Amino acid sequence: MKYFKPIMATYLLLLGLTIAGCQKADDYSSRDTSGLKPKPVDPGPPPDPTMVGFDPADADADWEITGPRAVDKGSKKEGEASLKTAIVTNEDYCHFIKKRPTTVDTKLTRENGQFVFWFFVSDPSQLKADGQIEVTSSKESDKKEYSWNLAPLIPGLKPGWNELKLNFAVADISGDGGPDLAAINFFRIYFWTKDKAHPDVTIAIDDLRFRQRPKVNESFANCDADTNWEIVGPKSVDKTSRKEGEASLKSAIALNEDYMHFIYKRPAALNAGLTKANGQFKFWFYLSDASLLKDDGQIELTSSGESDKKEYSWNLGPMIPNLKSGWNEMTLNWSDAAESNGDNGPDLAAFNFFRIYFWTKDKSHTAPLTVAIDDLRLVEKP
């Protein structure tokens, strides 16, 4: 019995240390992460079910490329690589040609088809406004072919990667009726620099594919800056009141004045691939007091770089009773437009000029009439 008390004391001491140790551990959060759920990965948009690949440009088999070609696994837009070359100093020409061993059935029609690929150029300012893009079902150029002139696209290219979207509906067709869209087997792009006295210009392509084209919705002018605009009165770039992008363009018909116009001369003509039957011109139009407007004026869209030539026009007068104070979305069907006399109207593949002009009922309005426009677009009818 004489050992019992020391043994019990020792036991109680150990028990106390054990309990204290457990209590101390409760001050720390658990390191067990088995119950934590990782943040789900955004899968992005679903794949386009109409997409049909022509060539991923991951290898150079069956390709003919001018210059120092390479399979580039560093700079690419899809898959494992892109195909790269350069127009070197003292040279001025480049082409990429692909002859497929087997044909591709696009499952598309001229009305709904689109050819899409990525095009890289290190300095587009060096490119001559010339060249062509072709797809054929004859395994060679100029037969059973759709082609698109590259010249109208060059002013819109930026240094780096550009996604080119080419609608079948606006392609030129070879004289033999064009390609069999169920048997495409040939691609070519060719172009030049403006001269041979240039630094090396790097060129690459990637991810050539066909798809059903989305509804056309092309920006004609975003109104985020006043470059290439002529506007009556105290014009300003308004970043507060806008309908799209960074800003709208604002002015006012001042006291003792009664006239306003907005004119835009687009540096590069726009080909939206629309027809008179399916084309629309849309923009946002702001009025601080719509009741002040005279039932007069006109909206014009041309391919001549000026008014009254190669023109579609719409009278503003009939629209004015339906305008409200504030922002109004203007939707103008090309099929309802008047055409300029004697020149068959505009080239639908080369719109480059816009004008709207109008008046107040008189000059004695008691406050300036604030006016603004935003987001000019060429769109396809729903």
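The values are calculated or read from the model by the stated rules, or taken from the named source; none is laboratory data. The shown structure was predicted, so the numbers you read here are calculated from the model rather than taken from an experiment. Please note: Cβ atoms are built from the backbone with ideal geometry, for glycine as well, and neighbour counts cover all protein chains shown. Each accessible area value is taken on the protein alone, full model and side chains, heavy atoms only, with ligands, DNA and RNA left out. Shrake-Rupley method; radii C 1.70, N 1.55, O 1.52, S 1.80 Å.
If the chain linking Lys215 and Asp176 were pulled fully straight, counting 0.36 nm for each residue of separation and taking away their Cα-Cα distance, it would gain 11.1 nm.
Straight-line reach from Lys194: taking Cα to Cα under 22 Å and skipping same-chain neighbours fewer than 8 places apart, the lysines in range are Lys84, Lys128, Lys158. Of the Cα atoms belonging to segment 208-316, the radius of gyration and Dmax stand at 16.3, 59 Å.
Kirkwood radius, segment 104-236, all distinct C-alpha pairs, inverse of mean reciprocal distance: 16.8 Å.
According to the calculation over all Cα-Cα pairs in segment 118-170, the P(r) per 5 Å bin from zero is 4, 18, 26, 23, 15, 11, 3 %. Calculated accessible area for segment 195-245 comes out at 52 Å² per residue, all protein chains present (probe 1.4 Å; ligands, DNA, RNA ignored).
Would you work out if the chain is rounded, prolate or oblate? Take a ≥ b ≥ c from the square roots of the eigenvalues of the alpha-carbon gyration tensor; rounded if a/c is under 1.5, else prolate when a/b is larger than b/c, oblate otherwise. In terms of gyration-tensor shape, oblate. Rolling a 1.4 Å probe over the protein heavy atoms gives segment 83-151 an accessible area of 41 Å² per residue. Among the GluC sites (Glu not before Pro) within segment 44-93, those in coil by DSSP and having at most 13 neighbouring Cβ atoms inside 10 Å are Glu80.
If you take the alpha carbon atoms of segment 254-320 and fit the smallest convex hull around them, that volume is 128 Å³ per residue. Spread over its residues, the convex hull of the C-alpha atoms of segment 217-279 is 119 Å³ per residue.
In this structure, the amide hydrogen of Gly297, modeled 1.01 Å from its nitrogen in the peptide plane, lies closer than 5 angstrom to those of Leu316, Gly317, counting only residues at least 5 positions away or on a different chain. Straight Cα distances below 16 angstrom link Lys381 to the lysines Lys215, Lys276, Lys282, with same-chain residues fewer than 8 positions distant left out.
Protein heavy-atom accessible surface, 1.4 Å probe, per residue over segment 291-350: 47 Å².
Here Lys235 is the anchor, and the lysines within straight C-alpha reach of less than 20 Å, apart from those fewer than 8 places off in the same chain, are Lys243, Lys250, Lys265, Lys363. Ranked by the mean number of other Cβ atoms within 10 Å of their residues, highest first, the peptides 103-111, 353-361 come out as 353-361, 103-111. Working value for segment 171-257: equivalent-ellipsoid semi-axes of 44, 22, 15 Å, each the square root of 5 times a Cα gyration tensor eigenvalue, largest first. Placing pseudo-labels 7 Å out from each Cα toward the beta carbon at Glu78 and Asn112 gives an inter-label distance of 1.9 nm. Considering only protein heavy atoms and a 1.4 Å probe, what is the carbon-and-sulfur percentage of the accessible area of the chain? Its accessible area is 51 percent carbon and sulfur atoms.
Extent along the principal axes, Cα only, for segment 37-193: 61, 41, 30 Å, with the longest axis given first.
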